[in-house]
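The values are calculated or read from the model by the stated rules, or taken from the named source; none is laboratory data. Since this is a predicted model, take the numbers as computed values, not measurements. Neighbour counts are summed over all protein chains in view; Cβ atoms, including those assigned to glycine, are modelled from backbone coordinates with ideal geometry.
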Amino acid sequence: MIKIAIVEDEKKIADNLVNFLHRYANENLVKLQVKHFPCTTDFLTQYDGFDIVFMDIEFKNDINGIEASRKLRKLDSVVTLIFVTAFEQFAVKGYEVLAFDFIVKPILYSDFSLRMTRVLQRVSKEVLDTIGISVKGSVKIVSVKDIKYIEVIKHKLIFHTVNEVFEGNGSLNDMERQLISKNFVRCNHCYLVNLWYVKGVEGFALNLDGEEIAISRSKKKEFMSALNRYLAR
């Protein structure tokens, strides 16, 4: 599942983008999750991680898209940013915040579709990776990037994802072997965490998207090394 944010104060433009995205998803068999934010302040204060952001530049009653994108880059340095604007001269400013592309209003679906294909080719492969998890005799397919962390309780695996928490079968060691190349690291003997969602570390406490999880003394050095390598990419 690819998470997309539309930050746009003109309802007609936002509705067009939503419709274009749903049409593109149906035509190309892509799973998209789309959320609209009518102002940049709400987008920044409610930001919980996206793969692609469509950002307007001119806002009537809020900070503009360029300034919002500077703040966004402090929250997320890798999200794919696309400006939607009626003013091509803003392109130079876009390079300052590592914008991937510009879409000029009015938006035509034929142009949008071509650009979306390029964007999805650019989006990291880890976004598209899925994993099959055994759940009560069946297999549940989950996007790897949607998994925040996995914990083990009484020999049962609990999967904490962006949308739900569910119980699955297997061992944490097996999960670690499958996910170690996807930036999942043990912070103690019963937690395997996705580094994408790490917001900070203080002492032996890990802030994982607002939740506090303990880091064991034996895992601290290994965990911090993995986190530093991830952040330096």
Working carefully through the options Asn16, Asn26, find the one that is more than 15 Å from the chain's Cα centre (by Cα), assigned to a helix (DSSP H, G or I) and surrounded by fewer than 16 Cβ atoms within 10 Å (Cβ to Cβ).
Asn26
With the condition kept exactly as written, say whether any residue in the stretch 90-99 is crowded, with 16+ Cβ neighbours inside 10 Å, closer than 22 Å to Met1 by Cβ and either modelled with pLDDT under 90 or not acidic (Asp, Glu) (or both).
no
When the residues of the stretch 141-153 are narrowed to those that are at pLDDT below 85 and either more than 17 Å from Leu192 (Cβ to Cβ) or of a type in the set (Lys, Arg) (or both), which ends up surrounded by the most Cβ atoms within 10 Å (Cβ to Cβ)?
Lys145
Got at least one residue in the stretch 60-74 being within 19 Å of Asp146 (Cα to Cα), of a type in the set (Val, Ile, Thr) and either in the same structural domain as Arg118 (by TED's automatic domain parsing) or exposed (fewer than 15 other Cβ atoms within 10 Å of the Cβ) (or both)?
no
Hits in the stretch 127-153 - residues which are in contact with a Gly (Cβ under 6 Å, 6 or more places away or on another chain) and in a helix (DSSP H, G or I):
none
Starting from the stretch 211-233, take each residue that is free of Cβ contacts under 8 Å to residues at least 60 places away in the same chain and list its partners that are part of a loop (DSSP other than H, G, I, E, B) and among the polar types (S, T, N, Q), counting only C-beta distances under 7 angstrom and pairs at least six apart or across chains.
Tyr230/Asn183
If we keep only residues of the stretch 185-210 that are of a type in the set (A, V, I, L, M, F, W, C), in contact (Cβ under 8 Å) with a residue 24 or more places away in the chain and in a strand (DSSP E or B), then the residue surrounded by the fewest Cβ atoms within 10 Å (Cβ to Cβ) is Val201
